[in-house]
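The structure appears below as structure tokens.
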Amino acid sequence: MKKLILALLFPILSLAQDYELGKVTIQELSQKQHPTDTSAVAAILFNKGKTYFDFVENSHFVLVTEVEVKIKIYKKEGLNWANKEIAYYVGGEADENVIVNKAITYNLVNGKIEKTKLNSDGEFKENVNKFWVSKKITMPNVKEGSIIEYKYTIKSPYFSNLQDWKFQQTIPVDYSVYETIIPEYYNYNFYNRGSLVLNTKKETKNRTVEISNKELVRKGRVTSYEKSVDRISLIENVTIIDAKNVPALIEEDYANNIENYLSSIQYQLASTHYPNELVKVFSKTWEDVAKNINENNSFGEELKKDNYFENDYATLVNGKDLTNEDKINKIYDFVKNHYKWNEMTGIYTDVGVNKAYKDKVGNVAEINFTLIAMLRKAGLNANPIVLTTRSQAINLFPTTTAFNYVICGVEIGDKVMFLDATDKLLKPDVLPTRALNYIGRLVRQNSTSLEIDLSPKLHAKSSVMIFASIDNQTIKGNIKETLTENRAYNFRTKNSSISEDTYLENIEKNMTGFEITEYKIENKTNEKEPLKEDYYFTATNEIEVINDKLFFKPLMFFAIDENPFKQDKRDYPIDFKYPMHDSYTITYNLPQGYVVESMPEKINITTEDNLASFSFLTGNMGNKVQIVSNFYINSALISSEYYDSLKGFFNHVYLKMNEKIVLKKQ
């Protein structure tokens with residue numbers, strides 16, 4: 001009987017000062033800036049979380065997480081902190097549920113506290129895909145100086161993962177605490193992200209759960225139900241983790257998703273051990289995760305289907321003498337142009353490949369599964385690569401929910417070619433920025449898997465050639481610029497949908513005194529070739545005249561206008577997304593009657609381990625000045641250990657690029 005009761009209690013479904021709400025003071029509302037961070041646009045005065053196992057009478061445990069948050073808005077840039085989004089899972093045997101228990105905005109009006117409660121207009125849900133729903137709230141009547149408070153509760157039948165908890169944000173956090181109360185039958189692994197030192201307190205407490213039972217009893221000719229109560233005594237492990245006066249994590253340029261570096265914790269169910277039962281282990285390796293993913297009907301079974309494209313495939317490939325490269329290019333181009341991506345991510349199909357193919361609209365899995373199936377039919381070793389997009393923090397432990405995107409990988413010898421057919425502007429081995437997120441996992445048909453480095457290996461180039469003449473205070477000439485790899489893709493993505501006139505108007509609008517004529521562009525929509533721009537220009541704002549001398553930056557508007565690295569210390573990597581190479585070859589014809597008085601001296605610097613390099617050469621012969629400069633970033637991702645070196649390197653680059661040539665009259 002006890003064992004049966006425990007089975008009901010503990011079902012495991014796969015896939016878990018005064019800090020009180022309502023106590024807002026006039027002093028808090030009057031505060032104009034945060035006491036320890038005057039630049040803060042907002043601050044979390046406190047956020048409290050509590051996760052525990054609630055018993056549903058005569059049924060089972062439910063995992064409950066209660067969250068209470070109080071936020072102060074200081075500046076208009078902080079108004080977005082009045083919006084909250086909570087994701088919950090609906091794709092399994094049972095659904096999670098989110099309830100917003102309380103949400104109030106407080107303002108100081110004529111010296112009195114005014115309260116505005118959240119109404120139904122400010123609360124709504126959005127279907128992310130068939131597995132996930134997002135509950136969203138938009139707090140009412142929020143302005144500079146407001147304080148907002150809200151409480152929400154998540155109820156889940158899934159015990160595999162507890163809610164992640166962030167102690168740090170991009171704004172100051174005065175106090176953050178997370179409490180877990182976990183029955184002794186569950187053992188969780190604990191993972192810590194970030195560099196913050198957290199305060200931890202642990203204790204145990206006893207708990208008794210009562211279960212009412214009804215049994216059919218016959219006494220003579222009378223049959224009736226008799227009630228009985230069984231009591232289960234448990235030990236619960238209580239862990240309270242908190243942090244006070246947590247500084248904001250400042251987001252600098254060249255950062256991936258900042259949530260990867262915020263101090264936070266994650267829990268993963270490692271094992272269960274019920275009385276009179278053996279230990280059941282749930283912790284998985286990444287190989288186990290890959291196997292589970294491949295065995296999902298919306299993954300492995302969908303990849304096996306290939307009859308739905310039979311006629312189109314025959315037209316593409318059958319009876320033709322094609323190399324493997326030809327097959328890849330023809331099939332890749334066909335799938336890219338056949339589908340329209342509905343911008344839904346995920347590693348599983350939504351409507352299925354058959355319907356998606358017929359409708360010519362699909363999510364990322366349906367599109368790239370078609371690509372993989374076609375390539376396999378053509379005899380190529382094509383497999384899915386699951387990954388985490390840049391919009392989602394990378395998981396700290398193996399789990400199927402770590403991935404939310406899938407591309408195609410073609411194994412050719414000891415290399416893997418990357419293909420993503422969601423965007424017509426992509427070419428082989430160029431991935432969209434959303435997918436450039438360190439590592440992925442290639443899943444083979446036999447469920448074995450391989451960790452894959454997603455970082456681009458080729459430099460994305462910007463090659464600039466300028467031939468110009470200086471006439472008094474005006475520079476006129478010709479610019480030719482060539483873009484390759486991700487640089488070309490980014491240009492096409494940004495500008496392919498706008499007219500040439502609009503594009504040129506935007507440039508001239510953002511660059512005072514700059515006019516473009518005779519503009520030509522090559523390969524704007526031909527993603528397989530470098531993108532080339534060729535135009536003539538007149539610049540009237542590049543030369544400064546002081547005492548009959550002319551001063552100008554030889555790189556003009558191509559020079560960087562600041563060092564992007566300003567912090568004294570950085571605790572997270574520098575993420576350039578891809579290696580890059582900028583080259584400049586510039587020739588100036590000097591105005592009649594002028595000669596060079598001074599030019600920037602040459603420089604040739606390289607960081608330690610050759611992570612970046614910069615050269616700048618100048619020459620003067622007769623009435624001509626020539627500049628040749630090369631700037632390299634040789635690694636897409638650079639450890640924060642190199643931050644000081646890289647910061648110093650960029651400072652040299654900035655100073656040299658902004659040095660001026662000085663011309664004087666003869």
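The values are calculated or read from the model by the stated rules, or taken from the named source; none is laboratory data. Remember, predicted model here, so these are calculated numbers, not experimental data. In this analysis, Cβ positions are derived from the backbone assuming ideal geometry, glycine residues included, and neighbour counts consider all displayed protein chains.
Per the conditions (1) part of a strand (DSSP E or B); (2) out of contact with any strand residue (DSSP E or B) (no Cβ under 6 Å at 6 or more places or on another chain); (3) surrounded by 15 or more Cβ atoms within 10 Å (Cβ to Cβ), the sole criterion not satisfied by V595 is (3). Taking strands (runs of 3 or more DSSP E) as the structural unit, those lying wholly within the stretch 63-180 and holding at least 2 residues that are over 26 Å from the mean Cα position of the chain (by Cα) and closer than 25 Å to H34 by Cβ correspond to 97-109, 112-117, 147-156. The condition of being in the same structural domain as V56 (by TED's automatic domain parsing), in contact with a Pro (Cβ under 8 Å, 6 or more places away or on another chain) and either charged (D, E, K, R) or assigned to a strand (DSSP E or B) (or both) holds for only one of R207, R231, that being R207.
Given the condition farther than 30 Å from V209 by Cβ and touching an Asp or Glu at 6+ places or on another chain (Cβ under 9 Å), answer yes or no: does some residue in the stretch 62-70 qualify? The answer is yes; a qualifying residue exists. Step by step: first the residues of the stretch 505-557, then only those that are part of a strand (DSSP E or B) and of a type in the set (F, W, Y), then the one that is surrounded by the most Cβ atoms within 10 Å (Cβ to Cβ). Which residue is that? Within the stretch 505-557, the match that is surrounded by the most Cβ atoms within 10 Å (Cβ to Cβ) is F537.
Checking the stated criteria, L249 turns out to be closer than 30 Å to Y578 by Cβ and either not in a strand (DSSP E or B) or not acidic (D, E) (or both). The set of residues in the stretch 445-483 being among the polar types (S, T, N, Q), part of a strand (DSSP E or B) and more than 25 Å from the chain's Cα centre (by Cα) consists of S462, S463, S469, T474, N478, T482. For the stretch 144-168, the candidate set comprises residues that are of a type in the set (S, T, Y) and farther than 13 Å from L269 by Cβ; within that set, the residue that is surrounded by the most Cβ atoms within 10 Å (Cβ to Cβ) is S146. Residues in the stretch 598-639 that are part of a strand (DSSP E or B), within 21 Å of T474 (Cβ to Cβ) and not basic (K, R): N620, V625, Q626, I627. Of the candidates E295, E302, the single residue that is among the charged types (D, E, K, R), out of contact with any His (no Cβ under 9 Å at 6 or more places or on another chain) and surrounded by fewer than 20 Cβ atoms within 10 Å (Cβ to Cβ) is E295. Looking across the stretch 454-479, the residues that are within 23 Å of K528 (Cα to Cα) and of a type in the set (A, V, I, L, M) come down to L454, L458, A460, V464, M465, I479.
Of all the numbered requirements in (1) exposed (fewer than 13 other Cβ atoms within 10 Å of the Cβ); (2) under 30 Å from A43 (Cβ atoms); (3) not hydrophobic (A, V, I, L, M, F, W, C), S264 misses one, and that requirement is (1).
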